[in-house]
Amino acid sequence: MRFLTQRRRFKDLTEQEVLALAISSEEDDAQIYRNYAQQLRAEFPDTAKIFEGMAKEEDGHRQALIELHRKRFGEVIPLLRREHVAGYYVRRPVWLIENLGIERIREEAEGMERDAERFYLTAAQRTQDADTRKLLGDLAAAEAGHQRRAGELTDEHLDDASLESEEAQSKRQFLLTWVQPGLAGLMDGSVSTLAPIFATAFATQSTWTTFLVGLAASVGAGISMGFTEAASDDGELSGRGSPWKRGFASGIMTTVGGLGHALPYLITDFWTATALAFIVVFIELWAIVWIQNRFMDTPFLRATFQVVLGGALVFAAGVIIGGG
C-alpha cells in the first residue's frame, strides 16, 4: 500500500516529466519487441523480422523525443517510468506472453500500440495547458504512426506464403507440445486405470475403497507420466518444445483420465456408482477416438480399434479379476 500511495498522478506531472515518461516507455517497448524477435527467430523468422523493425521504429521515436527534451529542458532526463505513475498503462511480462503462441504475441503487440495512443489522446483531452496538450497530441499521433508502420512491416516481411508457413508451423508446434503429450496422457490415464479401479470395485463392492484406489492410481500415473515425458526428450533435436510443457500436459491429462471413472464412486450406492462409471468410460474412450481423428489425423476405424477395443479388454480384465 505504501508503494501505491507514492505513485504520482498523471495530472500532477510537468511537461518535462511527461516527456521523460514517454522516453522511458518507448525504450521499454523497443526492448519488448526485441525479446519477441529473439523468442520467435528460430521457428518464425519472418515474424521476428517484423518485431525487429518495430523495435527500430521505437528507437527512432525515442531519439526524437530525447532531442525534443534536450532542446526544451536540457541534457538531464528525469528518471520516471510507467510504474511510477498511477493509472498509466502497464505491459504484461514478456515471459507471460511468449509462452502463449505466435498469434497471442502479435495481438499483444497491436494492443501495446493501441494502449499508448489511447492514453495520450485521453490525457491530451484532460489538460488545459496548450503546450502540454500539443505535446500529448503529438505523442498520440506518433503511436498511431507506429500502428501504421507495423502494418507496413507486416506486408513487407509476411507475404501469403510466409504467413501460411508460419501458421502451419505454429499448428504443428501446438500439436507436438500440447496435444500429443496430452492425448498420450489421457489414453494412459483412461485405459491403464480401468483394471485396478474395477477390480477393486467388484472385489470389495465398497465405493469409498474403490474411490481411494482410483484416486491413488490416477495421481500416481499422472506424476509418473509427467516426469517420464519431461525426462524423455529435451525438445532440442525433435522440435517438440519445452519438456516441462509436455510433462505438464501429459501428467494433468493422465490424472484427469483416471479420475473420470473414479469420481462416480463418491456415490455411496455401489451399483449406481458403477453404472455411472461405465457411462464415463464409454464417453472417455470415444472422446479419445475423436481427438485422435481430429487432431492427429488417425483414421477413425484404426483409432476405434486401438482405443475402444483395447479399453474394453482392460475393462473386462478388471471386472473378471475383481469378480473372481
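Of the helices (runs of 4 or more DSSP H) lying entirely inside segment 244-324, those containing at least 2 residues that are closer than 19 Å to Thr193 by Cα span 270-295, 310-323. Which one is farthest from Phe202 (Cα to Cα) among residues in segment 272-286 that are free of Cβ contacts under 8 Å to residues at least 24 places away in the same chain and within 32 Å of the chain's Cα centre (by Cα)? Filtering segment 272-286 for residues that are free of Cβ contacts under 8 Å to residues at least 24 places away in the same chain and within 32 Å of the chain's Cα centre (by Cα), the one farthest from Phe202 (Cα to Cα) comes out as Trp286. Residues that are under 14 Å from Ala109 (Cβ atoms) and among the small types (Gly, Ala, Ser) within segment 20-47 comprise Ala30, Ala37, listed in sequence order.
So which residues in segment 16-62 are among the small types (Gly, Ala, Ser) and closer than 19 Å to Glu83 by Cβ? Within segment 16-62, Ala20, Ala22, Ser24, Ser25, Ala30 qualify. Of the residues making up segment 17-34, those that are over 14 Å from Gly53 (Cα atoms) and hydroxyl-bearing (Ser, Thr, Tyr) are Ser24, Ser25.
Out of curiosity, is Glu117 modelled with pLDDT of 70 or more, crowded, with 16+ Cβ neighbours inside 10 Å and not polar (S, T, N, Q)? Answer is yes for this residue. Starting from residues that are modelled with pLDDT under 75 and among the polar types (S, T, N, Q), keep the ones in segment 120-132 and report whichever is farthest from Gly53 (Cα to Cα). Looking at residues that are modelled with pLDDT under 75 and among the polar types (S, T, N, Q), I get Gln128. In a residue-by-residue description of segment 74-96, the property of being within 28 Å of Lys11 (Cα to Cα), part of a helix (DSSP H, G or I), at pLDDT 70 or above and not charged (D, E, K, R) applies to at least one position. Residues in segment 194-213 that are under 30 Å from Ile291 (Cα atoms), out of contact with any Ser or Thr (no Cβ under 6 Å at 6 or more places or on another chain) and of a type in the set (Val, Ile, Thr): Ile197 only. Reported count of residues in segment 64-82, each being within 18 Å of Asp131 (Cβ to Cβ), surrounded by fewer than 14 Cβ atoms within 10 Å (Cβ to Cβ) and more than 40 Å from the chain's Cα centre (by Cα), is 4. Taken over segment 1-54, residues that are among the aromatic types (Phe, Trp, Tyr), farther than 27 Å from Ala124 by Cβ and assigned to a helix (DSSP H, G or I) amount to 3.
The values are calculated or read from the model by the stated rules, or taken from the named source; none is laboratory data. Here the structure is a predicted model, which means the values were calculated and not measured. Note: ideal-geometry Cβ built from the backbone for every residue, glycine included; neighbour counts use all protein chains shown.
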